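Asker: Pasting in a structure now, in structure tokens, and then I'll have a few things to ask.
The values are calculated or read from the model by the stated rules, or taken from the named source; none is laboratory data. What you see is a predicted model, and the numbers here were worked out from it, not measured in a lab. Here Cβ is always computed from backbone atoms with ideal geometry, including for glycine, and neighbour counts include all displayed protein chains.
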Amino acid sequence: MQQITLKGRAIVEGRCKAQALVSTQPISFLGGVDPTSGKIVEKNHDLHGECIKDKVLCFPHGHGSTVGSYVLYSLAKKNIAPKAIVNQTADPVVVVGAIIADIPMIDQIDINQIRTDDIVEVDAYAGVIKILTKRESGASCI
Amino acid sequence: MYLTKEEERIYDGEHGWANQTCMKILVRLGELFNATKLIPIESAHISGVSYKTLGDAPVEFLETLADADGKVRIRATLNPQSFDPEYLGKRLPEHIREKQLNILRQFKKMGFTQSLTCTPYYLEKPKQNSHLAWAESSAVVYANSVLGAWTNREGGPSALAAAIIGKTPDYGVHKAEDRKPNILVDMETPFQNETEFGALGIYLGKILGDKIPIILGLKDTSEEKLKQLGAALATTGMVNMFYHNIRPERERIEKISVEAEDIKQTIENLSTTSKIKPDLVFIGCPHCSLDEIRQIAQLTDGKKVKAGTEFWVCTSRHVKKRAGDYVKQIESSGGHVLTDMCTIVSWTETLGIKTLMTNSAKTAYYAPTLNKTETVFAPLKQCLKEVLKG
């Protein structure tokens, strides 16, 4: 399979390799994510019930409460934060959360290229994402 | 980003760890969003005050800042906490009260005004065209759109950093060219009440992302209805501001129209049940203005709150003090005018509240997850009809 590389903008530096969890919908960390389990609890959300712990969490942008920054910080302190955050557009609320929680973050990425369960390598020094292993159903589309 | 000599000294740690940490947050943010400098702000307003939504980890962050002599340099106000000290405080366990009071002590140590309201503009109206660093998304939209002040939608920690430094990075809606509207919203059906303004905000927030709309066709607007609209816009979007009923400067602008059916659907979706027998009827998200309290007082006159139902009206201490006789009227009917707190960041679950009725679209949106309640979203008059008898 051909390896796909996506170039965006580095926001919080760091590097990781993990499974992607991809949403087509914006996320509000306050109210949208259970701070004790790391599960998405917002009703009617396409990731409802999914756990964001240790995932490369890809979503278009943040929305809603400005307390969301602190929720990200709490998740990180409890070791249930995502390994990295990948956005289409950076919401200042998510940015500040990622800064104080020290979660690698990249924006300006076409997240439609990434599918849930893809194994991705995030280089948030260079602002680059490599999709290493495509999920089965995704692979058939290439 | 250009830093003055003094700012550089702060950045390098010459003014201590707290100042350095805050400066680093601001510079990092500024550089990401292409700010060329920091600008002085008239005031800061901080979110993340309730122990319920903060939890323990961020409190350690606050304690470290306060212990390292973090001090605000400008007027800086606080969002609501998780209970009012008189009515609900007494019904909550000691450890919850103590943890919340500890948070307030940290903020006090740093010099914050204990405003404990999401409507700081009722305490002191920011000047037109003044630069602010406000968190509390509903207040951000209100400040930009109704009061004509200039503030980005700050995350809690960046508003805190701005309070301590007294400045904010010059980007986003601090720049005149980035305050220009870029989408035209045609609202075809006239609205009857505040819930429709709220529903429009919820609907549009999802579509707009961070765009700045001009909303055409809004009739019978009041500052309170625009407050509902703005609070809801920021709930589902990244929206900083809106314009209403002005003509765009340029001809070529993206246009969308909102149909009556869209609003009807949104209102229906904001209720999780049609079964109307609420444990709690809550008015005051965002916190009530004096005028709203007067209206509630008039509607409760000669009536009593039904047994087994709570009726809360939330506002700031400041407004409650000015609303003396209205407060007496509401309380003589069996309602509670609560200050310092916000229902969606309060301990409703601990108090056994399972169903909630409100006229606030923002509350209706958050309550099912933050309060784990069944929720009914309805206009003020319907809410009062439900909670009152006689």
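Asker: Just checking, how many residues over segment B:31-60 are part of a helix (DSSP H, G or I), closer than 21 Å to B:SER137 by Cβ and within 11 Å of another protein chain (Cβ to nearest Cβ)? Walk me through how you get there before you give the answer.
Answerer: Residues of segment B:31-60 part of a helix (DSSP H, G or I): B:31-32, B:51-54, B:57-60.
Narrowing the set further to residues that are closer than 21 Å to B:SER137 by Cβ leaves B:32, B:51-54, B:58.
Retained after the next criterion (residues that are within 11 Å of another protein chain (Cβ to nearest Cβ)): B:32, B:52-54, B:58.
Count: 5.
Asker: Could you tell me which numbered condition B:GLY217 fails, if it satisfies all but one of (1) surrounded by 24 or more Cβ atoms within 10 Å (Cβ to Cβ); (2) over 24 Å from B:VAL319 (Cα atoms)?
Answerer: (1)
Asker: Right, something else. Is it true that some residue in segment A:62-71 is among the aromatic types (Phe, Trp, Tyr) and over 18 Å from B:TYR365 (Cβ atoms)?
Answerer: Yes, segment A:62-71 has at least one match.
Asker: In segment B:224-255, what residues are more than 26 Å from B:ALA139 (Cβ to Cβ) and hydrophobic (A, V, I, L, M, F, W, C)?
Answerer: Of everything in segment B:224-255, just one residue is more than 26 Å from B:ALA139 (Cβ to Cβ) and hydrophobic (A, V, I, L, M, F, W, C), namely B:ILE253.
Asker: Among the numbered criteria (1) hydroxyl-bearing (Ser, Thr, Tyr); (2) touching an Asp or Glu at 6+ places or on another chain (Cβ under 7 Å); (3) without any contact (Cβ under 8 Å) to a residue 40 or more places away in the chain, which single criterion is violated by B:SER257?
Answerer: All conditions pass for B:SER257, except number (3).
Asker: B:ALA232: crowded, with 24+ Cβ neighbours inside 10 Å and either assigned to a loop (DSSP other than H, G, I, E, B) or in contact with a strand residue (DSSP E or B) (Cβ under 8 Å, 6 or more places away or on another chain) (or both), yes or no?
Answerer: The answer is no for B:ALA232.
Asker: Here are B:GLU386, B:GLU374: which of them is farther than 24 Å from A:ASP34 by Cβ, in contact with a Pro (Cβ under 8 Å, 6 or more places away or on another chain) and either among the polar types (S, T, N, Q) or surrounded by fewer than 24 Cβ atoms within 10 Å (Cβ to Cβ) (or both)?
Answerer: The match here is B:GLU386.
Asker: Kindly indicate which of B:LYS206, B:LYS219, B:LYS275 is more than 23 Å from A:GLU42 (Cα to Cα) and of a type outside the set (Asp, Glu).
Answerer: None of the others qualify; the one that does is B:LYS219.
Asker: Related question: Any residue at all in segment B:179-186 that's buried (at least 24 other Cβ atoms within 10 Å of the Cβ), over 13 Å from B:SER43 (Cβ atoms), assigned by TED's automatic domain parsing to the domain that holds B:LYS264 and among the hydrophobic types (A, V, I, L, M, F, W, C)?
Answerer: yes
Asker: Could you name every one of the helices (runs of 4 or more DSSP H) located completely within segment B:281-371 that has at least 3 residues being under 30 Å from A:ASP34 (Cα atoms), touching a helix residue (DSSP H, G or I) at 6+ places or on another chain (Cβ under 6 Å) and touching a residue at least 40 places away in the same chain (Cβ under 8 Å)?
Answerer: So the answer is B:361-370.
Asker: Does segment B:207-214 include one or more residues that are buried (at least 16 other Cβ atoms within 10 Å of the Cβ), in the same structural domain as B:ALA76 (by TED's automatic domain parsing), at pLDDT 95 or above and in a strand (DSSP E or B)?
Answerer: The first filter runs over segment B:207-214 and keeps only residues buried (at least 16 other Cβ atoms within 10 Å of the Cβ), leaving B:208-214.
Of the ones still in play, those that are also in the same structural domain as B:ALA76 (by TED's automatic domain parsing) are none.
No; the residues of segment B:207-214 include none that is buried (at least 16 other Cβ atoms within 10 Å of the Cβ), in the same structural domain as B:ALA76 (by TED's automatic domain parsing), at pLDDT 95 or above and in a strand (DSSP E or B).
Asker: I want to confirm something. Restricting to segment B:202-225 and keeping residues that are of a type in the set (Gly, Ala, Ser) and over 21 Å from B:PRO286 (Cβ atoms), which single residue is farthest from the other protein chains (Cβ to nearest Cβ)?
Answerer: So the first thing to find is which residues in segment B:202-225 are of a type in the set (Gly, Ala, Ser), and the list is B:205, B:209, B:217, B:222.
Adding the requirement that they be over 21 Å from B:PRO286 (Cβ atoms) leaves B:209, B:217.
Working: B:GLY209: 6, B:GLY217: 25 Å.
Residue satisfying both the conditions and the ranking: B:GLY217.
Asker: Do you know which residues across segment B:170-191 are of a type in the set (Gly, Ala, Ser) and more than 14 Å from chain A (Cβ to nearest Cβ)?
Answerer: Matches in segment B:170-191: B:ALA176 only.
Asker: Can we say B:ALA139 is surrounded by 19 or more Cβ atoms within 10 Å (Cβ to Cβ), among the small types (Gly, Ala, Ser), farther than 30 Å from B:MET357 by Cα and at pLDDT 95 or above?
Answerer: no
Asker: Any idea which of (1) of a type outside the set (Phe, Trp, Tyr); (2) buried (at least 17 other Cβ atoms within 10 Å of the Cβ); (3) within 14 Å of chain A (Cβ to nearest Cβ) is the one B:ASN269 doesn't satisfy?
Answerer: Among (1) of a type outside the set (Phe, Trp, Tyr); (2) buried (at least 17 other Cβ atoms within 10 Å of the Cβ); (3) within 14 Å of chain A (Cβ to nearest Cβ), B:ASN269 violates only (2).
Asker: Test B:LYS264 against the criterion of being of a type in the set (D, E, K, R) and either assigned by TED's automatic domain parsing to the domain that holds B:ASN371 or farther than 30 Å from B:ASP186 by Cβ (or both), and give yes or no.
Answerer: Values: of a type in the set (D, E, K, R): yes; either assigned by TED's automatic domain parsing to the domain that holds B:ASN371 or farther than 30 Å from B:ASP186 by Cβ (or both): no.
Spelling it out, it is not the case that B:LYS264 is of a type in the set (D, E, K, R) and either assigned by TED's automatic domain parsing to the domain that holds B:ASN371 or farther than 30 Å from B:ASP186 by Cβ (or both).
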